[in-house]
Structures are given as C-alpha cells and as structure tokens.
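This report refers to the structure that appears directly beneath it.
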Amino acid sequence: MQKLIFVSIWAVIVAQGCFSQTNHSNKTAMDSTDKNKHAAYSRTDTGKVVMNDDEWRKILPADVYHIAREKGTERPYSSKYEAFKEAGTYYCAACGNALFKSDTKFESGCGWPSFYEPVTKGSIIYAPDHSHGMDRTEVMCGRCKAHLGHVFNDGPPPTGLRYCINGVVLDFTRAQEAEKKYKDSL
Ligand SMILES: [Zn+2]
C-alpha cells in the first residue's frame, strides 16, 4: 500500500512538470547554462509564458522569484554583471527570452547592469511605476512579464535611455557559445 502511495505521488510530481505548452525538446534545453531550468524556459520559443505566482515560486530560485515576481531590487554593486564586459547576449533568467546584447551595455555607475537598448522592441514591456514616491517606468520581460528593473532618460546616445536591470534576473551567454549553438542547430 505504501508503495502505491509513493508511486501516485511521484506520478503527480511528473505530471506537474509538464504544465508547459512550449516545445522543450529543442537543443537549448541541453545546454549547460540551461540545466536546472524549468520546462517553459526556452531561448528559441517566443510564445508568451503565463503562470501564476504559485507556479513560478515552485520553479524559480528564491532570489530570481523575489525580483521577477515580487518586483524586488538587488543590492547595488552586488551583481556579477555590473562591471562585466564580455561579448554576448543577456537572457531573462525566468524564461530564457533574449533581452540585451553586450554591445549596448555601458558603465552607468548606478550600481546595476545598464544598457541603452533592448535586443528588439518586443523583448521588453513597459509600465508606469509610482511606488516609493517616485515616477518611474518599470521594464518587464516581453515573454514572461518578469520584473527586470526600470528605464530612465539619462542614458547615452543613440537612444538616450538607461535600462537599469537587476543582474539576478539575467542569464549571460558568450558570443562564441551562441555562435556555436547556432551552427550546431543547422
Ligand atoms: Zn522572461
């Protein structure tokens, strides 16, 4: 009897892992940077990811969940990406959506990774944020609506924008690795 209960519980756990409608048979799921990621995480699927907070809480690391779903803010100068200069692409740590290229990253001195332009217009969504007595514009992931940070009008040319992003919600892949993955997928 005990064994039957155990098997039933296991079946429920496995079934819950299959909630995603996204295709997770693609190669990126095998990448070392993607291990431990959940089924909806994809670097290639652009379909929207819609899950409630309980579902996100189960699959995201606590620090990513706090910023992505509870609109938290990491401590300034705490991100490994704050002064990071390698060439590559930054992805949403919650869902794998491409967000920023390293050639649009700049040293803003504000304490968080800063960029002047997203990968595409659709990679980010914007919302007015009047919290903490300030008028700011919140930026969220265009695929899963994870809170990323804010955008300000004091950035460098050509956009004049400063996307001030929490490094905790970023995954980075070096340009050579991205190129190799592309070739492997052909
Ligand atoms: Zn996302």
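The values are calculated or read from the model by the stated rules, or taken from the named source; none is laboratory data. The structure presented is a predicted model; accordingly, all values stated were derived computationally and were not measured. Backbone-built Cβ (ideal geometry, glycine too); neighbour counts: all protein chains shown.
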Restricting attention to region 60-74, does a residue exist that is among the charged types (D, E, K, R), more than 16 Å from G149 (Cβ to Cβ) and at pLDDT 95 or above?
-> no
Spot the failing condition for Y163; the list is (1) under 22 Å from A87 (Cβ atoms); (2) in a loop (DSSP other than H, G, I, E, B); (3) not hydrophobic (A, V, I, L, M, F, W, C), and only one is missed.
-> (2)
Residues located in region 77-112, provided they are closer than 19 Å to T159 by Cα, touching a residue at least 60 places away in the same chain (Cβ under 8 Å) and away from the ligand (no atom under 16 Å from the Cβ) = S102
Is there any pair linking a residue in region 132-148 that is more than 11 Å from R69 (Cβ to Cβ) to one that is part of a helix (DSSP H, G or I) and within 11 Å of the ligand (Cβ to nearest atom), with Cβ under 7 Å and at least six apart or on different chains, and which?
-> G142/S123; L148/V169
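What are the residues in region 139-162 that are touching a Leu at 6+ places or on another chain (Cβ under 8 Å) and either more than 13 Å from the ligand (Cβ to nearest atom) or more than 22 Å from Y77 (Cβ to Cβ) (or both), if any?
Within region 139-162, the subset touching a Leu at 6+ places or on another chain (Cβ under 8 Å) is 139-141, 148, 151-153, 155.
Scanning region 139-162 gives M140, C141, V151, F152, N153, G155.
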At pLDDT 95 or above and in contact with a Gly (Cβ under 7 Å, 6 or more places away or on another chain) - does that describe any residue in region 16-24?
-> no
Pair list, Cβ < 8 Å and 6+ apart or interchain, from region 163-183 residues that are over 14 Å from D103 (Cα atoms) to residues that are basic (K, R) and exposed (fewer than 14 other Cβ atoms within 10 Å of the Cβ) = G167/K80; K181/K27
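Take the residues in region 151-160 that are surrounded by fewer than 21 Cβ atoms within 10 Å (Cβ to Cβ) and not acidic (D, E), then tell me which one is nearest to the chain's Cα centre (by Cα). Reasoning before the result, please.
We begin by selecting, within region 151-160, every residue surrounded by fewer than 21 Cβ atoms within 10 Å (Cβ to Cβ); these are 152-160.
Okay, now just the ones that are also not acidic (D, E), so 152-153, 155-160.
Details: F152: 20, N153: 23, G155: 22, P156: 24, P157: 25, P158: 25, T159: 22, G160: 23 Å.
Selected residue: F152.
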Could you please let me know if D54 is at pLDDT 95 or above and either in contact with a Ser or Thr (Cβ under 9 Å, 6 or more places away or on another chain) or charged (D, E, K, R) (or both)?
-> yes
